[in-house]
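Scroll down for the structure; my scribbles are underneath it.
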Number of protein chains: 4
Amino acid sequence: MKTLSPRGEQIVDEAIELLSSGGLPALTTKNLAKAVGVSEPALYRHFKNKMDILTAILNRQEKNMPRLFERMAAQYESPLDQIQNVYARIFHNFSRTPAMAAVVFTEEIFRQESTLSEQMNRIINTVEDRILSLLKSEEGRRECRTDIPPRDLAQMMMGSSRLLVTRWRLGNYAFDLEKEGAQLWKSLRTILAPNLSSGTKR
Amino acid sequence: MKTLSPRGEQIVDEAIELLSSGGLPALTTKNLAKAVGVSEPALYRHFKNKMDILTAILNRQEKNMPRLFERMAAQYESPLDQIQNVYARIFHNFSRTPAMAAVVFTEEIFRQESTLSEQMNRIINTVEDRILSLLKSEEGRRECRTDIPPRDLAQMMMGSSRLLVTRWRLGNYAFDLEKEGAQLWKSLRTILAPNLSSGTKR
Amino acid sequence: MKTLSPRGEQIVDEAIELLSSGGLPALTTKNLAKAVGVSEPALYRHFKNKMDILTAILNRQEKNMPRLFERMAAQYESPLDQIQNVYARIFHNFSRTPAMAAVVFTEEIFRQESTLSEQMNRIINTVEDRILSLLKSEEGRRECRTDIPPRDLAQMMMGSSRLLVTRWRLGNYAFDLEKEGAQLWKSLRTILAPNLSSGTKR
Amino acid sequence: MKTLSPRGEQIVDEAIELLSSGGLPALTTKNLAKAVGVSEPALYRHFKNKMDILTAILNRQEKNMPRLFERMAAQYESPLDQIQNVYARIFHNFSRTPAMAAVVFTEEIFRQESTLSEQMNRIINTVEDRILSLLKSEEGRRECRTDIPPRDLAQMMMGSSRLLVTRWRLGNYAFDLEKEGAQLWKSLRTILAPNLSSGTKR
DNA sequence: TATGAATGAGCGTTCATTCAT
DNA sequence: TATGAATGAACGCTCATTCAT
């Protein structure tokens, strides 16, 4: 979680790029060194070993997600708007740098070491916590139907968004992620809307 | 898609087991041969190379999913019941043999070769097609709300179910997948239910 | 301690040769493979890793020393003759294949792994035990002075013989090890002889 | 042979410590720099390269041995007492700082470069020369039996003493070196004593 | 159908050393 | 006097795959 030198940041950048383009098998020290433009041993001045680099990638993501939520909290009043725009932002970022997409929603990459698995799990849980606290807030309870456990609602938002990104990647980024994401979230918002009738009925 | 010898099937079984326990890095010819109980060259009697084995794994999955849908079609009248029970069945199977879970919902594993990626994509699309045709059927349109594009509904069902499995794996299979899956689908069914009020209102 | 394939034996042979000519730093897998005339990975078909090869070298020595003592026991009646001829034999063998000398009397090589250290220690102790039991035998007590603890006598025989070999190696095998060894043992025998005068005097 | 800066001396100290604890493989520039508490390049301010450091270690030893002999010459009249106390002193020093023991009597460490080998050989020869001149002195010829070539006697003293140290190291410094050394030299002195009978006989 | 032996390519990593600052 | 950053060379070892038997 410590702060990295500029070279260290660059190494993480290129590592993400490699993971994105060829998955874990492409992230060899040789490839990485070449991408960074240094010799292989140079990597070891900045990271203890390869797993240290993978950890740094997850650390970066772990820092980014809360930051994103806070940014949206500053911009939007409505909890659901906040969540929706977090994902809009994610889709936007992925569209511009597909590399990150391959890493962020791709747990399998980090399966090999249990500490990485745990960190991945922690990131997912953190996001869920953010969503849950928004849903459970007073304002959230006004905006969002309450007949469904928030946990399941969060699962639907996160799950469908993630699957969208997965299919975007599998399909070689052929469709417009931002547009499809917006459409998906339009549907999600409709579904999440409180069932007015139940209150108004009669 | 050709049919395999018993040895071939056994090799695929063990390959899935290895993928499950240690991800792709664990699926080495050495590990696989030892797991099967033969020498490494013996593997090459049954498969041209390693990718051929990965393909066989996906082939098996590609055959299983439609079979599962048909089985449920024979058992249940309601389209939504059919879909729900497909996933109930999947959760059940995964609970008993977690190995398969690691493979089926894990696209990253097959990223390295584009032909595998495509096959993976095809499997997802096939499942989506099944769900869509059920949702669009006459009976489906009665059971399920029609104010949301079916594609988005399918994305939610598939996405949330997949994320549930992902988290189950990341959390070392700590929670009861079948029970949590049932709960998730209870919520999904509530959400999918047609908004009766809109029809009844006035 | 298991028996090796012919290739395995050949690898041990060449490993000893390398150790002899350049010490441990010369015993790289690359050098060894080249010396054997195979590729590096081929070594790993016969040994688990490099330390396994070092262990095999010591195993060979551990088997040889007792064998040597028994061979001499069959040839000579006198205990001291047996010991002396064990060393004569060792000097003879080293003269013909100096490689082994570098290894057998060179504990430092095996310092890096404590299990190797222990094995080395065990070999030395085994030799000492053999010598001690010969000295303490009835015939031994007749042949050899008893006013000195046998342990110290053994230390002198072993120590002076080993130092002779060490200096032979350090001096680039410049002198005749067999001849110098014979001279040393002539002196040792004189020293070991029971002080007849004390018994016979007057 | 030049004199070293304080930092240089400290580097040699730590190098000996490293050699002692892990043998030559442990004496890396990285380990050494860390032990000294400086960066790796700093080592090169004080020594041309790694071999230069090894040379400095041997230089220190080469200076120490004659000094030790002279110190004992000042303290003891009897030649044999002088030799015996040189070794007593060595055993004493080793007991307190086992590190040095690993280096002083361990020729193998310096095998890799022939110049180091030669220096090691020179040190041994110097010690032998000291011993020989003491044995051959008038007083020495009175104290020590003359029926054995002095060279062989020296070999026995040096060899058995060295082997004692070797076994002490191999056995993880488990026994009391000073005590065992005293016992060994008691026996050596008995053995070296002139055979009075031969003079008295007849 | 199976295997023991082998290999070229590549892996992550450490080595002693240099250079600019 | 010291260091942060870097490197060419080499390390031990594993990979998927082939071949003779």
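The values are calculated or read from the model by the stated rules, or taken from the named source; none is laboratory data. As the structure is a computational prediction, the values presented were derived from the model and not from experiment. Neighbour counts are summed over all protein chains in view; Cβ atoms, including those assigned to glycine, are modelled from backbone coordinates with ideal geometry. The protein model used for the area step is the full one, side chains on, heavy atoms only, and it has no ligands, DNA or RNA in it. Shrake-Rupley method; radii C 1.70, N 1.55, O 1.52, S 1.80 Å.
Structure notes:
- The listed residues B:146, A:126, once ranked by accessible area (1.4 Å probe) with the largest placed first, stand as B:146, A:126.
- In this simple spin-label model, placing a label point 7 Å from the Cα along the Cα-to-Cβ direction at both residue B:21 and residue D:139 gives a separation of 7.6 nm.
- Area accessible to solvent at residue C:133, 1.4 Å probe radius, in Å²: 70
- Neighbour-limited loop hits for GluC sites (Glu not before Pro), the range A:1-99 (at most 15 other Cβ within 10 Å; DSSP other than H, G, I, E, B): A:77
- Where labels lie 7 Å past Cα in the beta-carbon direction, separation of residue B:81 and residue A:190 in nm: 2.7
- GluC sites (Glu not before Pro) restricted to the range D:91-175 and DSSP loop, no more than 14 other C-beta within 10 Å: D:113
- Extension gain, residue B:10-residue B:173: 0.36 nm per intervening residue step, less the Cα-Cα distance, totals 56.2 nm.
- Only protein heavy atoms count here, probed at 1.4 Å, and on that basis chains A and B bury about 3800 Å² of accessible area in total.
- Debye log10 I(q)/I(0) at q = 0.08, 0.12, 0.15 Å⁻¹ for chain C, Cα point scatterers: -0.32, -0.67, -0.96
- Taken residue by residue and averaged, Cβ atoms of other chains lying within 10 Å of the Cβ of C:104-111 number 6.
- Taking the longest Cα principal axis of chain D as reference, the axis of helix D:114-136 is set at about 20 degrees.
- Here the accessible area of the range C:6-193 is 48 percent carbon and sulfur, with a 1.4 angstrom probe and all protein chains present.
- In chain D, Cα pairs under 8 Å separated by at least six residues give a relative contact order of 21 percent.
- Chain C: angle of helix C:177-192 to the longest principal axis, Cα-based, in degrees nearest 10: 30
- Rounded accessible area of residue D:76 (nearest 10 Å², 1.4 Å probe): 70
- Counts of other chain beta carbons within 10 angstrom of each beta carbon in peptide C:173-184 average 1.
- Taking the range C:22-56 and a reference point 7 angstrom along Cα→Cβ of residue C:122, the backbone N atoms nearer than 13 Å belong to C:55-56.
- Taking B:152, B:52 and ordering them by how much accessible surface each has at a 1.4 Å probe, largest first, produces B:52, B:152.
- Taken per residue, the accessible surface of chain D reaches 47 Å², heavy atoms only and a 1.4 Å probe.
- In chain B, the longest principal axis of the Cα atoms and the axis of helix B:6-22 are about 70 degrees apart.
- Label zone at residue D:115 (point 7 Å along Cα-to-Cβ), backbone N below 13 Å, the range D:1-21: D:1-2
- For residue A:2, a cut-off of 28 angstrom between C-alpha atoms picks up these lysines, skipping any fewer than 8 places away in its own chain: A:30, A:34, A:48, A:50, A:63, D:30, D:34.
- Alpha-carbon centroids, the range C:59-73 and the range D:1-61: separation in whole Å: 41
- For the protein assembly as shown, the Cα gyration tensor yields ellipsoid semi-axes of 81, 30, 21 Å (square root of five times each eigenvalue, largest first, whole Å).
- Rg in Å to one decimal, and Dmax rounded to a whole Å, for the range A:18-84 via C-alpha atoms: 17.2, 50
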